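I have placed the structure first, in the form of structure tokens, so that the comments after it can refer back to it.
Every number here is computed from the coordinates shown, using simple stated rules; none is lab data. Everything numeric in this text was worked out from a predicted model, so none of it was measured. Using ideal geometry, Cβ is built from the backbone for each residue, glycine included, and neighbour counts are taken over all protein chains shown.
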Amino acid sequence: MTETLAALYPAHLATLRARADAALARSGHEHLLVPAGVAHYQFLDDRPYPFAVNPHFKAWLPVTDAPGSWLVYTPGRKPKLVFLQPRDYWHVVPQAPAGYWVEHFEIAIIREPREARAHFPADAARCAILGEDNAAVDGYAPNNPPAVLDHLHYHRAYKTPYELEAMRRASAIGARAHRAAEQAFRAGESEYGIHMAYLHAAAQTENELPYSNIIGLNAHGAVLHYTDLERTPPAQALSFLIDAGASFHGYACDITRTYAAPAAAEFQALIDAVDAAQRGFCARVRAGQDYATLHVHAHHVLASVLKEHGFIRMSAESAVESGVSSAFFPHGLGHGIGLQVHEVAGFQRSETGGTIPKPPGHPYLRLTRPLAPGMVVTIEPGLYFIPMLLDELKAKPAGRDVDWAKVDAFRKYGGIRIEDDVVCTEGAPENLTRDAFAAAA
Ligand code: GLY
Ligand code: MN
Ligand code: MN
């Protein structure tokens, strides 16, 4: 299994080096320094928050638990890993570097964070240092040159074959855990019980997941970022929305499924319609497709679903124009994903910066870039029955063309979201999520 990653890693590293070389040339710096990060402590406490590694660090090597470590890269030279292994009998010390990637680095072990200084280039002013302010060591403070960040962030959207393999593995873990969660729902578990079944099947702690699980039964599915995890099951669980991911070597998957109980056949019919629409959007993840255009297309298709299922009486066109579709689908179609679940630079026009604006009336869209081979994006349409947005809609003139009895009958189901992670290729898209569910079957 690791052979594939080992075989793919050298080309990944060569790509990162080429990107770093170009970014440094653009900014006029001679060296790239990347601190992994340091622990953050809770106010007036000696308790640290969970460590979250600098994504610029984990892009280079599959190490996510390395506070106090640094990557030092000078074009033309072997990259250097300055690895902190403190003398510490209170905590488990990070393991000595091992694995297929180690031979590609010069490795220096340090015992104190400040010892990193001895491994830095002599002149801090010639270093582009990417990281958080608190990672500074002895005058080497992160300066985050915009020209470097713009270049690296823009190109990070295009995954290397190594990164795609890591994301396939994250997806495999996520699909396995989603199946366990569905079984827990069918067995009548509480939200908390489903959450625990998910973690157990993924064999990941909450801190290892790329984002907090969203596990909502019944009307809780209408809260877009519901994370309460009720401890007792409802009297009757009619519907279940789960948005949960997994990590592999620092790469994320982001998966949402919605299920109906056998007693909720009308809701299952609506899920099936959203599922069919979602598959159609996934099929459009093709080179040259403008993502913002795809988002607006999704509004038209979902508005047709609302009409066919009797929720609205106006045409799909007027539902989109009047904002009615946004009351039921109030978030973006998706986003880039990779080292972060919401990948950076979703609006960046080019490698030198700039912004591609969102279409008017769509403030929550996170991605406006045209799709190109190597990009991985989520496709996550939804239809929800959100009390606040329905109240607003009811007060508008367009609210007269809504069948409120029908809408009210569906509030108890909360909502539907179906989310896959899809790779844009030279040809047909690769659906990481559906492939992983099929393999897990
Ligand atoms: N899980 C967060 C999202 O779908 O974007
Ligand atoms: Mn998402
Ligand atoms: Mn999600």
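In a reduced charge model with +1 at each Lys and Arg Cβ and -1 at each Asp and Glu Cβ, the chain shows a dipole moment near 480 debye about its Cα centre. Treating the angle as unsigned and between 0 and 90°, give the value, to the nearest 10°, between the Cα long axis of helix 2-27 and the longest Cα principal axis of the chain. Roughly 80 degrees, rounded to the nearest 10.
Geometric descriptor of the range 201-276, per residue, is 116 Å³ (volume of the convex hull of the Cα atoms). Once you sort the root eigenvalues of the Cα gyration tensor of the range 156-229 as a ≥ b ≥ c, which label holds: rounded (a/c under 1.5), prolate (a/b larger than b/c) or oblate (the other case)? Prolate, since a/c reaches 1.5 and a/b exceeds b/c. Here is the P(r) of the range 1-122: all C-alpha pair distances, binned every 10 Å from 0, give 12, 41, 33, 12, 2 in whole percents. Here the spin labels are modelled as points 7 Å beyond Cα on the Cα-Cβ line, and at Ser350 and Lys412 they lie 5.7 nm apart.
Evaluated over the chain, the count of Lys pairs having alpha-carbon atoms less than 25 Å apart is 15 (only pairs 8 or more residues apart or interchain).
Rounding to the nearest 10 and keeping the result within 0 to 90°, find how far the Cα-based axis of helix 146-156 lies from the longest principal axis of the chain. The answer is roughly 60 degrees. Think of the chain as a dipole: +1 on every Lys or Arg Cβ, -1 on every Asp or Glu Cβ, centred on the Cα centre; then among Ala264, Tyr73, His29, His29 lies furthest on the positive end.
When the Cα positions of Ile215, His104, Gly245 are compared along the charge dipole of the chain, His104 comes out farthest toward the positive end, with charges on each C-beta of Lys, Arg, Asp and Glu.
The loop-placed chymotrypsin sites (Phe, Trp or Tyr not before Pro) in the range 8-107, going by DSSP, that have at most 10 neighbouring Cβ atoms within 10 Å of their Cβ come out as Phe43, Tyr89, Trp90.
Normalised by the number of residues in the range 33-112, the mean separation of alpha-carbon contacts (under 8 Å, six or more apart) gives a relative contact order of 26 percent.
Taking 0.36 nm per residue of sequence separation and removing the Cα-Cα distance, the Ala39/Ala287 pair yields an extension gain of 85.2 nm. Relative contact order of the chain: 15 percent, from C-alpha pairs under 8 Å at least 6 residues apart in sequence. Between Glu132 and Ala441, the contour length at 0.36 nm per residue exceeds the alpha carbon distance by 107.0 nm.
Where only DSSP H runs of four or more residues are counted, the chain gives -11000 deg cm²/dmol as its mean residue ellipticity at 222 nm, each run worth -39500 (n - 2.57).
For Leu84, the residues whose amide H sits under 5 Å from its own are Ser69, Trp70, Ile110, ignoring neighbours fewer than 5 places away on the same chain, with H placed 1.01 Å from N.
To the nearest µm²/s, what D does Stokes-Einstein give for the range 290-441 at 10 °C and 1.306 mPa s, using the Kirkwood radius over alpha carbon pairs as Rh?
This corresponds to a translational diffusion coefficient of 95 µm²/s.
The stretch between Gln95 and Glu230 holds 44.9 nm of extra length on full extension. This uses 0.36 nm per residue minus the Cα-Cα distance.
The residues Tyr259, Tyr192, Tyr384, when put in order of fewest to most other Cβ atoms within 10 Å, stand as Tyr192, Tyr259, Tyr384. Dipole magnitude for the range 82-229: about 360 debye, using +1 per Lys or Arg Cβ and -1 per Asp or Glu Cβ, origin at the Cα centre.
Only alpha carbons enter this Debye calculation for the range 61-186, each as an equal point scatterer, and the log10 of I(q)/I(0) it gives at q = 0.12, 0.22 Å⁻¹ is -0.64, -1.39.
Phi angles of the range 427-438 translate, via the Karplus equation with coefficients 6.51, -1.76, 1.60 and θ = phi - 60°, into HN-Hα couplings of x, 5, x, 9, 9, 4, 6, 5, 4, 5, 5, 5 Hz per residue; Gly and Pro are given as x.
Projecting the Cα atoms of Phe57, Ala147, Pro10 onto the charge dipole of the range 1-150 (Cβ charges, centred on the Cα centre) puts Pro10 farthest toward the positive pole. Rounded, prolate or oblate for the range 96-139? Axes are the square roots of the Cα gyration tensor eigenvalues, ordered a ≥ b ≥ c, and the cut-off for rounded is a/c under 1.5. Here the range 96-139 falls in the prolate category. The angle between the Cα long axis of helix 191-202 and the main principal axis of the chain comes to about 40°, on a 0 to 90 degree scale. Under a 5 Å amide H cut-off, with hydrogens placed 1.01 Å from N, Ile255 pairs with Ala244, Gly245 among residues at least 5 apart or on other chains. Taken over the C-alpha atoms, the chain has Rg and Dmax values of 23.5, 72 angstrom.
For the range 317-326, 3J(HN,Hα) computed residue by residue from phi via the Karplus equation (6.51, -1.76, 1.60; θ = phi - 60°) reads 4, 6, 5, 6, 4, 7, x, 5, 4, 6 Hz, glycine and proline entered as x. Between Asp391 and Ala122, what FRET efficiency follows from the Cβ-Cβ distance if R0 is 60 Å, with the result rounded to 0.05? With R0 = 60 Å, the Cβ-Cβ based efficiency is 0.40.
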